[in-house]
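For reference, the structure discussed in these notes is given below.
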Amino acid sequence: MNYNGMGPEWFPVVLGTLGLSVAVYVLYLVFDYYILFLIGKIIFYIVIIFYLFVLSSWIYRYAKNTRLIKSDFNNITTLSFTAFPGVLYFALAFFYYAYIGFNAEIAYLFLYLYIFFYIFVFIINIILNYNLYTNKYKFSDITYAILVPTVALGANIILSSILLIRPLSLYYTSGILTLLYFMVIIALGITFFQFLFIGTASFISHIGNSNYNVRPATMIPVGSSSMLIINIAFLPLFNYLKLFNVPKNIAVDISMPFFGFDLLSFSVAAVIAIMHVKKRQAMTVWAYVFPLGVATFAYYMLYDLTEIYAFVYVIMVFTVALFTFYTYAWINTHKILKHKK
């Protein structure tokens, strides 16, 4: 059998699987049932193996056929999906700490890898924006998929949040902590404005595109705005650095409108999915899955800040939706793989 490796479209599958661990871990934080922690940890180990396999297979794909690098560079969706390894690293490192823990050596290793993946995702954003500004893509090719590099850059907060607060902050100098916070704020600004401008362009292009296979991407704005919630909700924890002062109530006030947008976007995407459930899907179906994992984490942050119990019900609804869409996505993926044989 001639194995050609895996394309970047498989990274959302890994991230969607990690989303299950995220959701279960969030339920553990809410209800304090240790069995949920163990289930989340088992899923996390599975995701580690899955991620390493897809990552090595992706690298092998380019090594076997270097011409694919240029073709992927010129494909707006494929280029956007290339940012997924960054999201996965930030999330996997966070949950490595949550499930296993860090020592000083691991803390510095993950810091260096954090900087590497931050730069990697930043470069992907530069390339994508360069291609957009120089009209290398057709307007009809633009979908919400191009928000992935934006989500990936904003996702740095998932890891930097634990690097910036105790006990891990004790491993680093004040200069390193200041640099990390500087990187967080830069990413937050880029994420917000790209969400605003690129998201608007994607919406205009999307509603004029008759290709159903891109419609699962309507869930990606949920991941984008949820990532903004996570960024903003963490900011009060960094006030001790005395660089910026973000009061807790201000963080809540700013985050809540994004939560409202999340509910609208999720509702629309869910209705689209239900109304077209019998249609054959492409690998883009995984765009229904991974944003929900981000959302459950964001809503836990809001619950932690506000102690409004309604967020618990929202988390439970999104968790059920996550597992449902995850099953649906695997069914479609099985059909795709079977059809290729």
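Below are the figures for this structure:
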read-out	value
Test for I176: is it at pLDDT 95 or above, surrounded by 19 or more Cβ atoms within 10 Å (Cβ to Cβ) and in a helix (DSSP H, G or I)	no
Residue match in the stretch 135-144 (condition: at pLDDT below 95, part of a helix (DSSP H, G or I) and buried (at least 24 other Cβ atoms within 10 Å of the Cβ))	yes
Cβ-Cβ under 6 Å pairs, at least 6 apart or on other chains, the stretch 182-205 side farther than 13 Å from P149 by Cβ, far side part of a helix (DSSP H, G or I) and of a type in the set (G, A, S)	V184/S160
Some residue of the stretch 37-45 being assigned to a helix (DSSP H, G or I), without any contact (Cβ under 8 Å) to a residue 40 or more places away in the chain and under 29 Å from P149 (Cβ atoms)	yes
Residues being out of contact with any helix residue (DSSP H, G or I) (no Cβ under 7 Å at 6 or more places or on another chain) and at pLDDT 95 or above - total across the stretch 147-169	0
Looking only at the stretch 302-325, and only at residues there that are aromatic (F, W, Y) and in a helix (DSSP H, G or I), the one that is surrounded by the fewest Cβ atoms within 10 Å (Cβ to Cβ)	Y313
A83 being buried (at least 17 other Cβ atoms within 10 Å of the Cβ), touching a Phe, Trp or Tyr at 6+ places or on another chain (Cβ under 9 Å) and not β-branched (V, I, T)	yes
Any hit, the stretch 33-51, residues being farther than 27 Å from I165 by Cβ, out of contact with any helix residue (DSSP H, G or I) (no Cβ under 6 Å at 6 or more places or on another chain) and not β-branched (V, I, T)	no
Which numbered condition N245 misses (of (1) part of a helix (DSSP H, G or I); (2) surrounded by fewer than 19 Cβ atoms within 10 Å (Cβ to Cβ))	(1)
Test: N74 is in contact (Cβ under 8 Å) with a residue 24 or more places away in the chain, more than 13 Å from I127 (Cα to Cα) and surrounded by fewer than 21 Cβ atoms within 10 Å (Cβ to Cβ)	no
Meets criteria (at negative phi and touching a residue at least 12 places away in the same chain (Cβ under 8 Å)) for F116	no
Condition met for M275 (at pLDDT 95 or above and either out of contact with any helix residue (DSSP H, G or I) (no Cβ under 7 Å at 6 or more places or on another chain) or hydrophobic (A, V, I, L, M, F, W, C) (or both))	no
Residue ID - surrounded by the most Cβ atoms within 10 Å (Cβ to Cβ), chosen from residues in the stretch 326-341 that are modelled with pLDDT under 95 and of a type in the set (S, T, N, Q)	N332
Which listed residue, of F244, F238, is modelled with pLDDT of 95 or more and not acidic (D, E)	F238
Qualifying positions in the stretch 184-222 - at pLDDT 95 or above, out of contact with any Ser or Thr (no Cβ under 7 Å at 6 or more places or on another chain) and crowded, with 22+ Cβ neighbours inside 10 Å	A187
Condition check for L52: modelled with pLDDT of 95 or more, of a type outside the set (K, R), farther than 16 Å from A98 by Cβ and out of contact with any His (no Cβ under 8 Å at 6 or more places or on another chain)	yes
Positions within the stretch 268-296 being more than 19 Å from the chain's Cα centre (by Cα) and either part of a helix (DSSP H, G or I) or surrounded by 14 or more Cβ atoms within 10 Å (Cβ to Cβ) (or both), in sequence order	V268, V271, I272, A273, I274, M275, Q281, A282
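The values are calculated or read from the model by the stated rules, or taken from the named source; none is laboratory data. All of these numbers come straight from a predicted model, not from anything done at the bench. Cβ atoms come from the backbone with ideal geometry, glycine included; neighbour counts cover every protein chain shown.
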